[in-house]
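Just below is one structure, and these are the notes that go with it.
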């Protein structure tokens, strides 16, 4: 399915009219105050909060960003936070997250809902001609939203039968079959044509939710788990919009009025109408740039089944954006995302010699999605990075061999073999190497991180920040954050 055809199924003419009005209003404001809307999302525990915090901290505090051209050339005079333009959207609590990272050395809480932050950069254009017509000021509206919600977007193009069919097909995959067994067994006892029963619906929804939550745990680390609000219900918990589940072997044709199937279909459509569609219309369609963060390390730990599932999730995510570059008139009515960055986080858990292999894995994850979607006019790049670098590199001697290691403080409770870490002791760890053949990490039966004891991935505490001789605390260390900044916003500061 081409990307444009897929996107057409996500909105109605009424939706498009609303989007056009919102876009025109935003463009009018932007004539006097140039702004860029940057979407930041990621699958579970990919580090969205950490990325935004480090992004802002390094710009405000003049961090070490050698590949970010505007900073390197000294053209940025200052960066500072301003009030965000959307009063109905919660503010991203930057100050609290920085306090967690820097003072407490704990990772901040994961994204639970949508939030926003405005960072304004004052700069001098590299072009003398541009300096005559530009204010030298750019506001970046950073929009943070859960990856679980993003994975709901493909539901807008699927009816209830398609959703149910796909859900049962995926539940029978080897990596999911044991986790879904109870839900599938319960579903097998249900007659979709029977009269609607609230307790039956609730039991099915609870069993389905339990299966989805089990898929998300570290041991499986699966990514494609819609509906997203089943994992993160918020104020919708217990509502009819979340009290539905897929049903097996549904016959073609219209469901009988008053039947269980009819009730499930109605609630599924209500979920799309009242939960998914407003999120798409009010937030996704207003973005100019997008970064998608993925925790490939966790999937590598879980094995090829998790990697294949991650690949499927990335494909579905990228197919739901509105990529492309319009002309002057079309841009007045419709925003398009002209740059998308797919970034694997936690590169600091590997020695730098494996960073290129991690990036190659991300490239493999994104390639099929790029081919499937119509990305004409949009630039897509991939990156292996760490928004906050929690380790440093070193070497240790083992007999006659010198091994490259990473040095950091593993989180309390992390283990390697029989060793369990206390969360206080700094340790040198040989993380091993990623497979030289990238296809091996996606193929069942191949030797991967999860079954190779020589490859060790553990989670680390945030680092202690260095200080200068004058006692000034430096900005958060990172790996390739400067490359991400250059790709996402560098051209707007040229």
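The values are calculated or read from the model by the stated rules, or taken from the named source; none is laboratory data. Keep in mind it's a predicted model, so treat the numbers as computed, not measured. Neighbour counts run over all protein chains shown; Cβ positions are idealised from the backbone, glycine included.
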Report task. Can you work out which of the residues in the range 131-177 that are modelled with pLDDT under 85 and assigned to a loop (DSSP other than H, G, I, E, B) is surrounded by the fewest Cβ atoms within 10 Å (Cβ to Cβ)? Result -> 135
Query raised in the report: Does the range 179-187 include one or more residues that are free of Cβ contacts under 8 Å to residues at least 12 places away in the same chain and either farther than 16 Å from residue 493 by Cβ or not in a helix (DSSP H, G or I) (or both)?
Result: yes
Query raised in the report: Any idea which of 330, 285 is more than 21 Å from residue 218 (Cβ to Cβ) and at pLDDT 85 or above?
Result: 285
Query raised in the report: Considering the range 423-440 alone, what residues qualify as being surrounded by 12 or more Cβ atoms within 10 Å (Cβ to Cβ), in contact with a strand residue (DSSP E or B) (Cβ under 9 Å, 6 or more places away or on another chain) and in a loop (DSSP other than H, G, I, E, B)?
Result: 423, 426, 430, 431
Query - Count of the range 77-130 residues which are without any contact (Cβ under 8 Å) to a residue 12 or more places away in the chain and in contact with a strand residue (DSSP E or B) (Cβ under 7 Å, 6 or more places away or on another chain) - result: 0
Report summary line: By residue number, the members of the range 295-321 that are farther than 24 Å from residue 460 by Cα, out of contact with any helix residue (DSSP H, G or I) (no Cβ under 6 Å at 6 or more places or on another chain) and outside any helix (DSSP H, G or I) are 321
Requested in this report: Would you mention how many residues in the range 73-91 are touching a helix residue (DSSP H, G or I) at 6+ places or on another chain (Cβ under 9 Å) and either part of a strand (DSSP E or B) or modelled with pLDDT of 95 or more (or both)?
Outcome: 5
Query raised in the report: Can you name every residue in the range 194-229 that is assigned to a loop (DSSP other than H, G, I, E, B), exposed (fewer than 15 other Cβ atoms within 10 Å of the Cβ) and touching a residue at least 40 places away in the same chain (Cβ under 8 Å)?
Result: 194, 197, 218, 219
**Report entry** Count - residues of the range 230-266 that are in contact (Cβ under 8 Å) with a residue 60 or more places away in the chain and assigned to a helix (DSSP H, G or I)
**Finding:** 7
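Tell me, which residue of the range 393-412 that is farther than 15 Å from residue 350 by Cα and surrounded by 11 or more Cβ atoms within 10 Å (Cβ to Cβ) is nearest to the chain's Cα centre (by Cα)?
Restricting attention to the range 393-412, the residues satisfying the condition of being farther than 15 Å from residue 350 by Cα are 396-402, 411-412.
Narrowing the set further to residues that are surrounded by 11 or more Cβ atoms within 10 Å (Cβ to Cβ) leaves 396, 411-412.
On the way: 396: 35, 411: 23, 412: 25 Å.
Per the stated criteria, the residue is 411.
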Requested in this report: For residues that are crowded, with 17+ Cβ neighbours inside 10 Å and over 23 Å from residue 486 (Cβ atoms), scanning just the range 335-353, find the one that is modelled with the lowest pLDDT.
Outcome: 351
Report task. From (1) out of contact with any helix residue (DSSP H, G or I) (no Cβ under 8 Å at 6 or more places or on another chain); (2) in a loop (DSSP other than H, G, I, E, B); (3) modelled with pLDDT under 85, pick out the condition that doesn't hold for residue 371. Result -> (2)
